[in-house]
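Visitor: Can you keep this structure in mind? I'll have questions shortly.
The values are calculated or read from the model by the stated rules, or taken from the named source; none is laboratory data. All figures in this text were calculated on a predicted structure; none of them were measured in a lab. Every residue, glycine as well, gets a Cβ built from its backbone with ideal geometry; the counts of neighbours run over all protein chains shown. Heavy atoms of the whole protein, side chains included, go into the accessibility calculation; ligands, DNA and RNA do not. Shrake-Rupley method; radii C 1.70, N 1.55, O 1.52, S 1.80 Å.
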Amino acid sequence: MSPSATSKQVGTATLSYDGKTAPLPVLTGSLGPACVDIRKLQNELGVFTFDPSYGATASCESSITYIDGDAGILLYRGYPIEQLAEKSTFLEVAYLLLFGNLPNKAELGVFTNGVTRHTMLHEQIRRFWDGFRRDAHPMAMLCSVVGAMSAFYPDSIDTQDPRQREISAYRMIAKIPTITAWAHKYNAGQPFVYPRNDLNYSENFLHMFHAVPAEPYVQNPILTRAMDRILILHADHEQNASTSTVRLAGSTGANPFACIAAGIASLWGPAHGGANEAVLKMLAEIGHKDNIPAFIAQVKDKNSHVKLMGFGHRVYKNFDPRAKIMQQTCYEVLEALGIKDEPMLDLAMELERIALEDEYFVSRKLYPNVDFYSGIILKAMGFPTTMFTPIFALARTVGWISQWMEMIEDPQQRIGRPRQIYTGAATRDYTPLDQRG
């Protein structure tokens, strides 16, 4: 991995409490707001900070991803996401996230070959699927199989060995498309399709997902490119819930497969990985363009608890830069598939138009995010809604692995140990069982 610059001190903040004063270093990175270093706060003042959900806390130094939510900027290793999505392949971006720089032709060739040679799963892993109910959620399968991989690849779980860490990275990136596609095949009752080394990353995934033995599967380059863009746009997103989960699990020294399984479990939550599925559910509930005004009225009514899914973002207070690319890709996919006058798309576009013109949403900066379009694209490409979050996990695996590797190599990293404000009972005397009323 490429060396990254560390933060530097640009000032001092002073905090006083109970007659004591603590000078706290103010640190800054290459971009973004300054941070107050509170690591010595407890020793100097005897207090901790309180930050539920860590919304105002930097948990680490990282050189991988940068987000400016107010300006609508997303950078991978300094490169704007728009440029990468337009000009790069997913494996180029994967190399960039892992190693810090875009690869030259020779480096990309070696990396691509390394990933390609690891796409097969150990044949005994195939038997895991027989233990699931046929209607098991695909994310349950991903959690289980990925976590179990450490039992099949014990030669790459020594977290202190750089070479083993790199082999684990190759294995995870290579095998997660196979695991994801097989989860769908098991649900569908279809034969598993094995990976093909003559196909590129997205082609291989689409082939394993859609192909059946009875007839040839013909690749559509527009759909392949759309798949690549979806993977690129979801590859990493700074210290979100699932990435923080991977880092926290990794801080204990847990093997990389267990850490990625933890990330998958975190992503499974509907507030995180299930947002694009929620968009389609919302559109289905609206039903028709004529119903949009009534729906908008419900959204504005605080007592209705109806939400406008796919609009706004906890981080972005402007347009989600990924949404613009997804909107363009959405039109390309629908045109390539010959889908015209699609009611759900017409409904989505009308909802977007009304929301962007309504002062209620504009003033609150509720702009379309990446999930608003990605669900429509995936549905048009033949993916069932239950597979939306697994595909998100497939894309995010490279980000998780990159963040995990960076965390392991960070000399400042210690085991994660958040604090709390205890609000339970004070010390109580024990009452024997026969004396309790």
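Visitor: I'm trying to understand the selection: among the residues of the stretch 62-84, which are open to solvent by 60 Å² or more (accessible area, probe 1.4 Å) and in contact (Cβ under 8 Å) with a residue 40 or more places away in the chain?
Guide: Scanning the stretch 62-84 gives Asp70, Ile73, Glu82.
Visitor: Scan the stretch 148-193 residue by residue and report those that are open to solvent by 30 Å² or more (accessible area, probe 1.4 Å) and touching a Leu at 6+ places or on another chain (Cβ under 9 Å).
Guide: Matches in the stretch 148-193: Phe152, Glu166.
Visitor: Whether any residue in the stretch 95-111 is at pLDDT 95 or above and under 25 Å from Asn369 (Cα atoms) is what I want to check.
Guide: Checked against the condition, which is being at pLDDT 95 or above and under 25 Å from Asn369 (Cα atoms), the stretch 95-111 yields at least one hit.
Visitor: Quick check on the stretch 127-147. Is at least one of its residues in contact with a Pro (Cβ under 9 Å, 6 or more places away or on another chain), crowded, with 19+ Cβ neighbours inside 10 Å and not in a helix (DSSP H, G or I)?
Guide: There is no residue in the stretch 127-147 that is in contact with a Pro (Cβ under 9 Å, 6 or more places away or on another chain), crowded, with 19+ Cβ neighbours inside 10 Å and not in a helix (DSSP H, G or I).
Visitor: Restricting to the stretch 61-100, name every residue that is more than 11 Å from Ile232 (Cα to Cα) and among the small types (Gly, Ala, Ser).
Guide: Ser62, Ser63, Gly69, Ala71, Gly72, Gly78, Gly100
Visitor: Which pairs have Cβ atoms under 6 Å, sit 6 or more apart or on different chains, and link a residue in the stretch 211-230 that is farther than 18 Å from Leu91 by Cα to one that is assigned to a loop (DSSP other than H, G, I, E, B) and of a type in the set (A, V, I, L, M)?
Guide: The qualifying pairs are Ala211/Val193; Tyr217/Ala211.
Visitor: Can you tell me which residue among Glu335, Glu342 is at pLDDT below 85, surrounded by fewer than 20 Cβ atoms within 10 Å (Cβ to Cβ) and over 26 Å from the mean Cα position of the chain (by Cα)?
Guide: Step by step, each of Glu335, Glu342 is checked, and only Glu342 is at pLDDT below 85, surrounded by fewer than 20 Cβ atoms within 10 Å (Cβ to Cβ) and over 26 Å from the mean Cα position of the chain (by Cα).
Visitor: Output the helices (runs of 4 or more DSSP H) that fall wholly within the stretch 256-307 and possess 2 or more residues being closer than 16 Å to Leu347 by Cβ and open to solvent by 80 Å² or more (accessible area, probe 1.4 Å), or say none.
Guide: By residue number, 275-286, 292-300.
Visitor: Go through the stretch 197-217 and give me each residue that's surrounded by fewer than 14 Cβ atoms within 10 Å (Cβ to Cβ) and of a type in the set (D, E, K, R).
Guide: Asp198, Glu215
Visitor: Also, quick follow-up: Condition check: part of a loop (DSSP other than H, G, I, E, B) and under 25 Å from Ala235 (Cα atoms). Does Phe383 satisfy that?
Guide: yes
Visitor: While we're on this one: Looking at Thr6, Thr28, Thr57, which one is touching a residue at least 40 places away in the same chain (Cβ under 8 Å) and either β-branched (Val, Ile, Thr) or open to solvent by less than 50 Å² (accessible area, probe 1.4 Å) (or both)?
Guide: Step by step, each of Thr6, Thr28, Thr57 is checked, and only Thr6 is touching a residue at least 40 places away in the same chain (Cβ under 8 Å) and either β-branched (Val, Ile, Thr) or open to solvent by less than 50 Å² (accessible area, probe 1.4 Å) (or both).
Here is a yes/no grid of residues against (1) touching a helix residue (DSSP H, G or I) at 6+ places or on another chain (Cβ under 6 Å); (2) closer than 24 Å to Ala265 by Cβ; (3) at pLDDT below 95:
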residue: Ala140; (1), (2), (3): no, yes, no
residue: Val145; (1), (2), (3): yes, yes, no
residue: Ile176; (1), (2), (3): yes, yes, no
residue: Ile179; (1), (2), (3): yes, yes, no
residue: Tyr194; (1), (2), (3): no, no, no
residue: Tyr201; (1), (2), (3): yes, no, no
residue: Phe209; (1), (2), (3): yes, yes, no
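Visitor: Sticking with this structure for a sec: So for the stretch 399-414 (the condition being free of Cβ contacts under 8 Å to residues at least 24 places away in the same chain, assigned to a loop (DSSP other than H, G, I, E, B) and open to solvent by less than 90 Å² (accessible area, probe 1.4 Å)), does at least one residue qualify?
Guide: no
Visitor: A further question on this structure: Name the residues in the stretch 355-393 that are open to solvent by less than 30 Å² (accessible area, probe 1.4 Å), within 17 Å of His137 (Cα to Cα), β-branched (Val, Ile, Thr) and in contact with a Gly (Cβ under 9 Å, 6 or more places away or on another chain), would you?
Guide: Passing the criteria: only Thr389.
Visitor: Moving on. So in the stretch 31-49, with the set limited to residues that are without any contact (Cβ under 8 Å) to a residue 24 or more places away in the chain and not in a loop (DSSP other than H, G, I, E, B), which one is surrounded by the fewest Cβ atoms within 10 Å (Cβ to Cβ)?
Guide: Asn43
Visitor: Cβ-Cβ below 9 Å, separation at least six or inter-chain, first residue in the stretch 139-167 and more than 26 Å from Asn113 (Cβ to Cβ), second of a type in the set (Ser, Thr, Tyr) and open to solvent by less than 50 Å² (accessible area, probe 1.4 Å): which pairs?
Guide: Cβ pairs passing all conditions: Met139/Thr389; Met141/Thr180; Met141/Tyr186.
Visitor: Tally up the residues in the stretch 50-82 that are over 22 Å from Arg39 (Cβ atoms), modelled with pLDDT under 90 and in a helix (DSSP H, G or I), please.
Guide: Residues meeting the conditions: 0.
Visitor: Let me ask something else about it. Assess whether Glu107 counts as being of a type in the set (Asp, Glu), in a helix (DSSP H, G or I) and open to solvent by less than 80 Å² (accessible area, probe 1.4 Å).
Guide: Judged against the criteria, Glu107 is a match.
Visitor: In addition: For the stretch 419-437, which positions are in a loop (DSSP other than H, G, I, E, B), of a type outside the set (Phe, Trp, Tyr) and free of Cβ contacts under 8 Å to residues at least 40 places away in the same chain?
Guide: Gln420, Thr423, Gly424, Ala425, Ala426, Thr427, Arg428, Asp429, Thr431, Pro432, Arg436, Gly437
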